[in-house]
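Just below is one structure, and these are the notes that go with it.
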Amino acid sequence: MSLTELIKERAWELGFDLIGIAPAGRAPHADAYVAWVEAGFAAAMGYLQRDMARRQDTRLVLPDAQAVVVVGLSYYSDTPPAELWDDPARGRIARYAWGPDYHEVMLPRLRQLGDFIRQLAGREVQQRAYVDTGPLLERDLAAQAGLGFIGKNTCLISPAWGSYLFLGELLVDLDLEIDAPVTPDRSASVQDVTRRGGCGRCTRCLSACPTGALVAPYLLDSNRCISYLTIENKDVIPEPLRPRLGNWIFGCDECQTVCPWPRRFARPTRQPFLRFDPERSVPRLLDLVALDEAGFKARFGGTPVLRARRRGLLRNVVVALANWGHPAAFSALQRASQDADPLVRAQAASALAGL
């Protein structure tokens with residue numbers, strides 16, 4: 001077996017569901033990324049506006065890099081029961097946050113893969129491992145490595161696994177065999193789309209986005225995206241968008257839920273680590289709004305929900321309570337308007353004024 005084949009075999013043994021090799025260098029959509037940021041679509045995510053040159057070219061991250069080992073891990077699990085998922089008294093949490101923080105699942109495996117590569121090479125290999133945190137255009141890299149194609153909802157879609165995927169990258173200074181990218185025909189017929197991958201003429205994700213964040217195929221305005229608004233956004237959620245959040249309190253999966261690819265091909269990873277649990281996946285809003293700082297950390301410790309912090313999660317819960325509109329929600333909003341955190345107080349006061 002070649003060095004590349006041995007690396008892929010070891011990645012599979014470590015539990016990764018998809019493995020491919022992309023060339024180091026300038027990303028194919030580097031110019032589109034710059035235009036996206038300059039158009040203001042990155043919203044207040046300053047980290048996407050820093051190191052822009054490095055994000056465009058992996059050789060500026062690791063100067064001697066020759067190849068990028070790209071891995072994917074499915075996070076698809078059970079389909080939520082409709083009677084819980086659609087209950088306005090409960091808050092929806094995006095699938096990827098139903099369990100342990102994916103960084104803690106992916107990075108140790110990537111580092112193990114890096115150690116294996118070092119042993120195979122018989123020398124010190126320059127390498128960098130990243131899971132969602134490095135200055136990389138990771139979906140571009142994943143598409144180059146043949147893991148899938150970028151859909152109109154801007155997600156990476158694997159014809160074999162769907163789009164519920166975590167991605168990780170290992171930059172190395174080794175000359176590895178490069179995989180062929182998936183190159184679908186965007187105007188293909190249904191038959192060709194099924195055979196070659198791609199979105200074809202489908203626009204279900206654009207129609208389903210509750211806030212209209214998908215302003216055009218392959219173009220996302222983060223300012224309107226529910227995932228941005230409930231996680232990265234640090235301010236009060238704008239009034240016109242609040243009703244459209246429904247009962248989403250952390251992230252959003254709507255554009256993936258309606259997509260034909262995951263509906264047909266999504267499957268759990270071979271080493272499942274996420275599962276549907278009502279207390280984590282659709283918790284009761286009245287329980288959440290009563291959480292103090294210690295209670296929040298005890299309930300969501302070790303999960304991606306910590307990223308929003310208590311103040312962010314309770315701000316989102318306040319919006320969901322207002323959308324519920326039940327008398328019990330009104331009482332909870334009154335209590336939230338006296339919360340110790342100014343962001344929660346401001347969101348609650350605004351919700352009460354609207355009611």
| message | Restricting to the range 238-261, name every residue that is in contact with a Lys or Arg (Cβ under 7 Å, 6 or more places away or on another chain) and closer than 22 Å to Arg345 by Cβ. | response | Leu241, Asn247, Trp248, Ile249
| Could you list, in sequence order, the residues of the range 1-30 that are surrounded by fewer than 16 Cβ atoms within 10 Å (Cβ to Cβ) and of a type in the set (S, T, N, Q)? | Ser2
| said: Looking at Leu220, Leu241, Leu291, can you tell me which residue is crowded, with 19+ Cβ neighbours inside 10 Å and either of a type in the set (A, V, I, L, M, F, W, C) or touching an Asp or Glu at 6+ places or on another chain (Cβ under 9 Å) (or both)? | reply: Leu220
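Does Ala143 satisfy being under 18 Å from Tyr218 (Cα atoms) and in the same structural domain as Pro23 (by TED's automatic domain parsing)?
Values: under 18 Å from Tyr218 (Cα atoms): yes; in the same structural domain as Pro23 (by TED's automatic domain parsing): yes.
For Ala143, the condition - under 18 Å from Tyr218 (Cα atoms) and in the same structural domain as Pro23 (by TED's automatic domain parsing) - is met.
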| query | Looking only at the range 151-178, which residues are surrounded by fewer than 20 Cβ atoms within 10 Å (Cβ to Cβ) and over 18 Å from Leu110 (Cβ atoms)? | reply | Thr154, Pro159, Ala160, Asp175, Glu177, Ile178
| Taking the range 307-355 only, how many residues are within 15 Å of Lys234 (Cβ to Cβ), touching a residue at least 60 places away in the same chain (Cβ under 8 Å) and surrounded by fewer than 21 Cβ atoms within 10 Å (Cβ to Cβ)? | 3
| task | Check every one of the helices (runs of 4 or more DSSP H) wholly within the range 7-118 and list those with 3 or more residues that are among the hydrophobic types (A, V, I, L, M, F, W, C). | result | 30-38, 82-85
| said: Exactly one of these conditions fails for Lys234: (1) crowded, with 17+ Cβ neighbours inside 10 Å; (2) modelled with pLDDT of 95 or more; (3) outside any helix (DSSP H, G or I). Give me its number. | reply: (1)
| query | Consider Val34 against the criteria (1) modelled with pLDDT of 95 or more; (2) surrounded by 14 or more Cβ atoms within 10 Å (Cβ to Cβ); (3) over 22 Å from Glu169 (Cα atoms): it satisfies all of them except one. Which criterion is unmet? | reply | (3)
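Out of the range 90-105, which residues are hydrophobic (A, V, I, L, M, F, W, C) and either touching a helix residue (DSSP H, G or I) at 6+ places or on another chain (Cβ under 6 Å) or surrounded by 22 or more Cβ atoms within 10 Å (Cβ to Cβ) (or both)?
Across the range 90-105, the qualifying residues are Ile93, Ala94, Ala97, Trp98.
The values are calculated or read from the model by the stated rules, or taken from the named source; none is laboratory data. Just so we're clear, the structure is a prediction, and the values are computed from it rather than from any experiment. When we count neighbours, we look across all protein chains shown, and the Cβ atoms used for this are built from the backbone with ideal geometry, even at glycine.
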